[in-house]
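Peer 1: Dumping the structure here so I can ask a few things about it.
Every read-out reported here was derived from the displayed coordinates using simple, explicitly stated rules and does not represent laboratory data. Keep in mind that this is a model prediction, so the values were computed, not measured. Neighbour counts are summed over all protein chains in view; Cβ atoms, including those assigned to glycine, are modelled from backbone coordinates with ideal geometry.
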């Protein structure tokens with residue numbers, strides 16, 4: 001038993017001290033650092049930033065799979081790795097190919113299948129006679145913002161929830177409880193917020209990263225960086241939705257009303273327009289800060305309107 005453990009430890013030490021293995025690790029971290037730098041230096045290119053984040057998640061999956069497969073191979077082929085010159089090369093090749101293939105397949109599967117899973121989790125119906133105005137309004141805003149017209153799905157639930165789901169059939173889900181809670185102009189600002197998530201490709205990424213963050217429970221990226229990005233995207237959707245409707249103060253009022261009704265179902269956390277906003281691990285910005293920014297934007301728009309009227 002002791003001899004076997006000693007052999008495994010020697011194989012692990014030999015493997016991780018190999019220049020080829022260290023090169024793979026350095027290249028992986030360098031690639032992640034490059035993606036992160038390009039992400040931070042392209043604040044205005046929403047589509048590029050979402051693509052960069054997706055690549056960053058794929059590299060994160062690759063890294064952890066590479067570590068896990070490497071350890072398995074060091075245990076399984078301990079004698080070859082520890083004592084034969086070709087052992088490290090074979091183990092390294094197997095670890096790289098396995099981790100790379102798995103990360104690509106997992107990322108592609110989650111990206112394409114996650115939106116459909118969300119839609120199945122929140123069954124919805126098409127807008128009825130009472131909600132037809134909402135469907136027409138969404139169509140107008142989507143056309144104005146040059147966004148592929150999304151389907152409006154009504155979730156027959158009393159909770160307050162609104163979310164955008166990307167994928168093959170872009171969808172905006174709105175709960176019956178939200179429609180009963182808000183006034184018509186408030187609902188309009190909420191769905192404009194969700195359309196902005198579709199326009200900036202946040203809808204796909206929010207679902208994608210939500211799935212991965214639940215898989216990577218121990219990963220620092222999922223725990224610190226990912227929530228910060230989600231908070232940034234909520235601020236952006238608030239601002240752009242307020243500008244599109246010209247009623248940022250109305251959106252602020254809607255957010256306050258929704259917060260008073262309590263949090264949406266736990267399955268919708270990170271996806272719906274409101275949710276728990278506590279600390280650096282939250283995907284939602286503080287409600288007070290969201291409202292403050294929207295009211296500032298409202299004042300700015302009013303000043304510009306008054307100035308243009310006097311010209």
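Peer 1: Quick check on the chain: helices-only [θ] at 222 nm, where DSSP H runs of length 4 and up contribute -39,500 (n - 2.57) each and the sum goes over total residues. Nearest 500, please. Present the calculation step by step, with values, prior to reporting the outcome.
Peer 2: Details: 12 runs with 215 residues, N = 311.
It comes out at -23500 deg cm²/dmol, rounded to the nearest 500.
Peer 1: Round to the nearest 0.05 the FRET efficiency obtained for residue 136 and residue 267 when R0 = 41 Å and r is the Cβ-Cβ distance. Present the calculation step by step, with values, prior to reporting the outcome.
Peer 2: Numbers: r = 29 Å, r/R0 = 0.71.
Here the calculated transfer efficiency is 0.90.
Peer 1: Evaluate the distance, in nm, between pseudo-label points positioned 7 Å from the Cα of residue 300 and of residue 169 along their respective Cα→Cβ axes.
Peer 2: My value for the distance between the label points is 3.8 nm.
Peer 1: Once you wrap a convex hull around the alpha carbon atoms of region 2-119, what is its projected area averaged over all directions, in nm²?
Peer 2: With the hull built on Cα positions only, its mean projection is 9.1 nm².
Peer 1: State the extension gain, in nm to one decimal, for the chain segment bounded by residue 51 and residue 308, taking 0.36 nm per residue of separation less the distance between their alpha-carbons.
Peer 2: Extra length from residue 51 to residue 308 when fully extended: 88.6 nm.
Peer 1: At residue 232 and residue 218, where each label point lies 7 Å from the Cα along Cα→Cβ, what is the point-to-point distance in nanometres?
Peer 2: In this crude spin-label approximation the distance works out to 2.8 nm.
Peer 1: Follow-up. By counting other Cβ atoms within 10 Å of each Cβ, how are 137, 235, 37, 57 ranked from fewest to most? Present the calculation step by step, with values, prior to reporting the outcome.
Peer 2: On the way: 137 18, 235 14, 37 11, 57 28.
So the ranking, lowest neighbour count to highest, is 37, 235, 137, 57.
Peer 1: If you don't mind, there's one more thing I want to ask. Relative to the longest principal axis of the chain, what angle (0 to 90°, nearest 10) does the C-alpha long axis of helix 248-260 take?
Peer 2: 70 degrees
Peer 1: For 175, 113, what ranking results if the residue with the fewest other Cβ atoms within 10 Å of its Cβ goes first? Spell out each step's value before the answer.
Peer 2: Working: 175 25, 113 13.
Placing the least packed residue first, the sequence is 113, 175.
Peer 1: Can you compute the modelled spin-label distance between residue 184 and residue 85, with each label point 7 Å from Cα toward Cβ, in nm?
Peer 2: About 8.2 nm separates the two model spin labels.
Peer 1: Suppose R0 equals 30 Å; then what is the FRET efficiency for residue 112 and residue 42 from their Cβ-Cβ distance, rounded to the nearest 0.05?
Peer 2: That gives a FRET efficiency of 0.75.
Peer 1: With no solvent and one equal point scatterer placed on each C-alpha of region 69-154, evaluate the Debye formula and give log10 I(q)/I(0) for q = 0.25 Å⁻¹, two decimals.
Peer 2: Calculated log10 I(q)/I(0) at the listed q: -1.10.
Peer 1: Wrap a convex hull around the Cα atoms of region 125-310, take a quarter of its surface area, and give that in square nanometres.
Peer 2: Projected over every direction and averaged, the Cα hull of region 125-310 covers 10.8 nm².
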